[in-house]
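**Q** Here it is, the structure, as structure tokens.
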Amino acid sequence: MLKKSYKVVILPYTILLLYLMFFGMGRKQSEDNLLTIEPVFSTINFIKGSISWKDIIIIVGGNIIMFIPFGFLGWIFPKLNDLKTLLITFVSAIIIIEALQYFSRLGIFEVDDVLLNTFGVFLGFLMKKIIEKRFKNWTI
């Protein structure tokens, strides 16, 4: 049941997420190509300089939470049931997407985004394993 529902939902979800990454939340094309390659420190500096906890939760938490569903991709693509394969595949895809944001100037290529998004996929993978153990009858 869960696997069938996931198969129906993941494509529209992916399209929505791509829309948000390139056009959502009032994004406009910037004059310059923007790049943030200082891992972890840029997120710490963002948190320190942020005015509200709401912004921190939306940006940092969103970069993790929004990618949790991709940890379940093994339900569609059996090769992605292996954590190493899933993470290599995901990191490759997210780097391409970040590069597209950079070259289109519709976002910033941020190493922290790659790290946070990948952490979200990892959490999703762990959740998938727990769900498969506890709710075997629901994951058919």
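**Q** Based on this model, can you work out whether N63 counts as at pLDDT below 95, surrounded by 13 or more Cβ atoms within 10 Å (Cβ to Cβ) and among the polar types (S, T, N, Q)?
**A** yes
**Q** Which of the residues that make up segment 43-54 are of a type in the set (V, I, T) and not in a helix (DSSP H, G or I)?
**A** I51 - this is the single residue of segment 43-54 that is of a type in the set (V, I, T) and not in a helix (DSSP H, G or I).
**Q** Still on this structure, I have one more. Can you name the residue in segment 75-88 that is in a helix (DSSP H, G or I) and closer than 19 Å to K3 by Cβ and is also least open to solvent (accessible area, probe 1.4 Å) among such residues?
**A** Going through the qualifying residues, I end up with L86.
**Q** So the check is Cβ under 8 Å with 6+ separation or different chains; which pairs have a first residue in segment 76-94 that's within 27 Å of I108 (Cα to Cα) and a second one that's open to solvent by 80 Å² or more (accessible area, probe 1.4 Å) and part of a helix (DSSP H, G or I)?
**A** Note: pairs meeting the criteria are T85/K79.
**Q** Starting from segment 15-35, keep only residues that are farther than 22 Å from A93 by Cα and open to solvent by less than 100 Å² (accessible area, probe 1.4 Å), then list their pairs with residues that are at pLDDT 85 or above and in a loop (DSSP other than H, G, I, E, B) whose Cβ atoms are within a distance under 6 Å, requiring at least 6 positions of separation or different chains.
**A** Taking only residues 6 or more apart or on different chains, the pairs are S30/R105.
**Q** For segment 123-138, which residues satisfy the criterion of being crowded, with 19+ Cβ neighbours inside 10 Å and not charged (D, E, K, R)?
**A** Passing the criteria: G124, F125.
**Q** Hey, any hits in segment 55-69 for a residue that's in a loop (DSSP other than H, G, I, E, B), under 16 Å from the mean Cα position of the chain (by Cα) and not charged (D, E, K, R)?
**A** Yes - at least one qualifying residue is present in segment 55-69.
**Q** Given the criteria under 16 Å from L126 (Cα atoms) and in contact with a Gly (Cβ under 6 Å, 6 or more places away or on another chain), does L87 qualify?
**A** no
**Q** Give the number of residues within segment 102-116 that are in a loop (DSSP other than H, G, I, E, B) and buried (at least 18 other Cβ atoms within 10 Å of the Cβ).
**A** Counting residues in segment 102-116 that are in a loop (DSSP other than H, G, I, E, B) and buried (at least 18 other Cβ atoms within 10 Å of the Cβ) gives 1.
The values are calculated or read from the model by the stated rules, or taken from the named source; none is laboratory data. A quick note: this is a predicted structure, and the numbers were derived from the prediction, not measured. Heads up, the Cβs are rebuilt from the backbone with ideal geometry, glycines too, and the neighbour counts pull from every protein chain shown. Just so you know, the surface numbers come from the protein's heavy atoms only, side chains and all, with ligands and any DNA or RNA stripped out. Shrake-Rupley method; radii C 1.70, N 1.55, O 1.52, S 1.80 Å.
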